[in-house]
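Presented below is the structure to which this report refers.
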Amino acid sequence: MKKVKNKLILLYKDLFIRYLDQLREEIDAIKTEEGIWDKRGSINNAPGTLCVHICGNLQHFIGATIGQTGYIRQREHEFEVKNVPREDLLSQIEITRTIVDTEFDNLNDDVLDDIFPSSQFGENITYSYALSRLISHFAYHVGQINYYRRAFTNNQ
């Protein structure tokens, strides 16, 4: 029998799912494949690069670290890969969404005060802190994609 979910667990899940849906909408809203991979001025990461990075980050921390999925992250590759077709990006978003949905369904109400099983964010930090960091990182990058799309891809 599943334990009753903590309202905060449900909030975290909802935020990750909402941002994944927004990420999908942002990538889908860029008119051309070239626009997904275009960079302007001092902007180092195209929307496609940020999408690959977000999916890799969540599949690593939520999938592999929390859920023991076996996903092996190649962080450097996330920033090197170019010209991934839109459909492949959208597929990665959907895979990531499924992982988030599954792993949050497996979390019980007392995990938030437990020590997160990775020291990436610091020693002895809680799940609550790690999930908050992941959400803020995710939101930051989705905001970058949104701004970039509106500012630079009107005709792309």
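No lab work stands behind these numbers, since they all come straight from the coordinates. Quick caveat, the model's predicted, so the values are computed rather than measured. With ideal geometry, Cβ positions are generated from the backbone for all residues, glycine too; neighbour counts draw on all protein chains shown.
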Revision key, fill the gap. Quick count over the stretch 34-48, residues being out of contact with any helix residue (DSSP H, G or I) (no Cβ under 6 Å at 6 or more places or on another chain), in a helix (DSSP H, G or I) and either aromatic (Phe, Trp, Tyr) or surrounded by 14 or more Cβ atoms within 10 Å (Cβ to Cβ) (or both), is 1
Review point. Going through the stretch 77-89 one residue at a time, which ones are over 16 Å from the mean Cα position of the chain (by Cα), in a helix (DSSP H, G or I) and more than 18 Å from Glu25 (Cβ to Cβ)?
Key: Glu80
Exercise for review: Mind listing just one residue for me: the one in the stretch 14-69 that is farther than 15 Å from Gln144 by Cα and small (Gly, Ala, Ser) and, of those, nearest to the chain's Cα centre (by Cα)?
Suggested key: Gly56
Point to revise | Extreme residue, surrounded by the fewest Cβ atoms within 10 Å (Cβ to Cβ), among residues of the stretch 130-149 that are aromatic (Phe, Trp, Tyr) and within 16 Å of Phe61 (Cβ to Cβ) | key: Tyr140
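Residues checked against (1) polar (S, T, N, Q); (2) buried (at least 19 other Cβ atoms within 10 Å of the Cβ); (3) in contact (Cβ under 8 Å) with a residue 12 or more places away in the chain; (4) farther than 18 Å from Leu20 by Cα:
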residue	(1), (2), (3), (4)
Glu78	no, yes, yes, no
Val81	no, no, yes, yes
Ser91	yes, no, no, no
Thr98	yes, no, no, no
Phe104	no, yes, yes, no
Revision key, fill the gap. Of (1) without any contact (Cβ under 8 Å) to a residue 24 or more places away in the chain; (2) out of contact with any helix residue (DSSP H, G or I) (no Cβ under 6 Å at 6 or more places or on another chain), Thr65 fails just (1)
Exercise for review: Specify the residue that is nearest to the chain's Cα centre (by Cα); the eligible residues are those in the stretch 90-116 that are farther than 17 Å from Tyr71 by Cα and part of a helix (DSSP H, G or I).
Suggested key: Leu90
Review point. Does the stretch 66-74 contain any residue that is out of contact with any Gly (no Cβ under 9 Å at 6 or more places or on another chain), surrounded by fewer than 21 Cβ atoms within 10 Å (Cβ to Cβ) and part of a helix (DSSP H, G or I)?
Key: no
Study note, to complete from the structure: Filtering the stretch 48-62 for residues that are of a type outside the set (A, V, I, L, M, F, W, C) and touching a residue at least 40 places away in the same chain (Cβ under 8 Å) leaves a count of 4
